[in-house]
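Below is one structure, written out as structure tokens, with a few remarks after it.
The values are calculated or read from the model by the stated rules, or taken from the named source; none is laboratory data. Quick caveat, the model's predicted, so the values are computed rather than measured. Cβ placement follows ideal geometry from the backbone for every residue including glycine, while neighbour counts extend to all protein chains displayed.
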Amino acid sequence: MIQQNIAQRLAAQVQQAFVEKQPLYIVGSGSKLSSGRTVSAQPLAIKAHSGIVEYTPTELVITARAGTSLQELESVLAESGQMLPFEPPHLGEGATLGGTIACGLSGPRRPYAGAARDFTLGVRMINGRGEVLNFGGQVMKNVAGYDASRLMVGAQGTLGVLLDISLKVLPRPACEHTLVIEMNAAKAIDVMTQLANVALPLSAACHLPATSQQAAQLWLRLSGAKEAVIAAVAFIRQKIQQQSKKQPFSVTEKKKGDEQADAFWRDLRERRLPFFTDTKTLWRLSVPAATPVFAEKLPGACLLDWGGAQRWLNTGVSAHTVQAAAQKMRGHASLFDPHGTTLAPLSPALVKIHQHVKTAFDPAGILNPGRLYEGL
């Protein structure tokens, strides 16, 4: 009853703001403030709308309120030996489920398990008129027509205020094994591309650039049944040895429970590795995974995640140069700095589509205005 009253109060606040044309800024814990553009508006606090609504471990489905902390959610799932498959980053204390889904955040497991959008089954939300709407449900095949629930993933609250979210969950892997291999970026891209075309239980692949303290390294994580992981480790070691006749490779193995391996993947997910903390300005490039090293086009230190599809770049070249290069590589680039995230510019056709969708859900433009793009 208390949570129902909170939802009704939130809907009433949005309805009043719609009437008064008062812009609102949706706030949970505040951990995702830098994940989008700065919004100047009256805050709408949703963190009090929290708690697990329904959880059926045997059905691999959980429904929770938007203000529920990720820590609480993951703890509940862990008790049943399950997890959020897309390995979402928290990016701060008290990170909430609503903020995670609104920002569409996924961690290192994303290219091998799927993105946050892939596991979102349904949402209950408040649109820009203050109306409470339901989309989707609690099964994978529940939609006839356009799946509006997944449209909310990554919209950063510009289309509605998330209330409840239903997610597909998966069992936690019985075995995990991490391989650390010294090699340059070009070779790492080749290896990651080859492994992606083989039926292996890969759950993460990242390449770290060389520093004054250590050589460049390829980190591979395998997760699954013990027999499958052991066989995959043997296959990869053999593959590396076959390719290392002319150039020796150093391979280190770290099994499940290894503190260094666990800390590495956690810090990569949370952007706490020295690569992220030693610079104030970063570019995130989304490109085809097999894209060659682009040091000549875009000089600077580059960290490869998602098997090469997500590349973090620290460079001094201009924004125009970075974005133009990303487009030539059939990708796009977003700028991350202390003042927020600037997404890659949209084409005129995409701007019109965004405007039409925004108008349909938020006709007065009061929800997180300008959070994604100026004027939206």
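Filter the range 250-284 down to the residues that are hydrophobic (A, V, I, L, M, F, W, C) and more than 20 Å from Ser35 (Cβ to Cβ), then identify the one that is modelled with the lowest pLDDT. Spell out how you get there, then give the answer.
Keep residues of the range 250-284 that are hydrophobic (A, V, I, L, M, F, W, C), which gives 251, 261, 263-265, 268, 273, 275-276, 282-283.
From what's left, more than 20 Å from Ser35 (Cβ to Cβ): 251, 261, 263-265.
On the way: Val251: 74, Ala261: 92, Ala263: 94, Phe264: 96, Trp265: 97.
Out of the qualifying residues, it is Val251.
For the range 173-217: of the residues being in contact with a Gly (Cβ under 9 Å, 6 or more places away or on another chain), under 13 Å from Val229 (Cα atoms) and not aliphatic (A, V, I, L, M), which is surrounded by the fewest Cβ atoms within 10 Å (Cβ to Cβ)? So, considering only residues that are in contact with a Gly (Cβ under 9 Å, 6 or more places away or on another chain), under 13 Å from Val229 (Cα atoms) and not aliphatic (A, V, I, L, M), the one surrounded by the fewest Cβ atoms within 10 Å (Cβ to Cβ) is Cys175. When Phe276 is tested against the conditions (1) hydrophobic (A, V, I, L, M, F, W, C); (2) more than 30 Å from Pro23 (Cα to Cα); (3) in contact with a Leu (Cβ under 8 Å, 6 or more places away or on another chain); (4) surrounded by 17 or more Cβ atoms within 10 Å (Cβ to Cβ), the lone failure is (4). I need the full set of residues from the range 345-363 which are surrounded by fewer than 17 Cβ atoms within 10 Å (Cβ to Cβ), assigned to a loop (DSSP other than H, G, I, E, B) and of a type outside the set (S, T, N, Q), in order please. Within the range 345-363, Pro345, Leu346, Pro363 qualify.
So that you can scan it fast, the table gives a plain yes or no per residue for (1) in a helix (DSSP H, G or I); (2) farther than 25 Å from Leu376 by Cα; (3) β-branched (Val, Ile, Thr); (4) not assigned by TED's automatic domain parsing to the domain that holds Ala309:
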position: Ile6; (1), (2), (3), (4): yes, yes, yes, yes
position: Gln13; (1), (2), (3), (4): yes, no, no, yes
position: Ser29; (1), (2), (3), (4): no, no, no, yes
position: Pro43; (1), (2), (3), (4): no, no, no, yes
position: Ser50; (1), (2), (3), (4): no, yes, no, yes
position: Pro89; (1), (2), (3), (4): no, yes, no, yes
position: Gly98; (1), (2), (3), (4): yes, no, no, yes
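Among the candidates Leu222, Leu200, the residue that is modelled with pLDDT of 95 or more, farther than 25 Å from Ala301 by Cβ, part of a loop (DSSP other than H, G, I, E, B) and of a type outside the set (S, T, N, Q) is uniquely Leu200. Taking (1) touching a residue at least 40 places away in the same chain (Cβ under 8 Å); (2) over 21 Å from Ala360 (Cα atoms); (3) within 20 Å of the chain's Cα centre (by Cα) in turn, Leu151 satisfies each apart from (2). Each residue in the range 51-93 was checked for being farther than 19 Å from Ser223 by Cβ, in contact with a Pro (Cβ under 8 Å, 6 or more places away or on another chain) and of a type in the set (Asp, Glu), and 0 pass.
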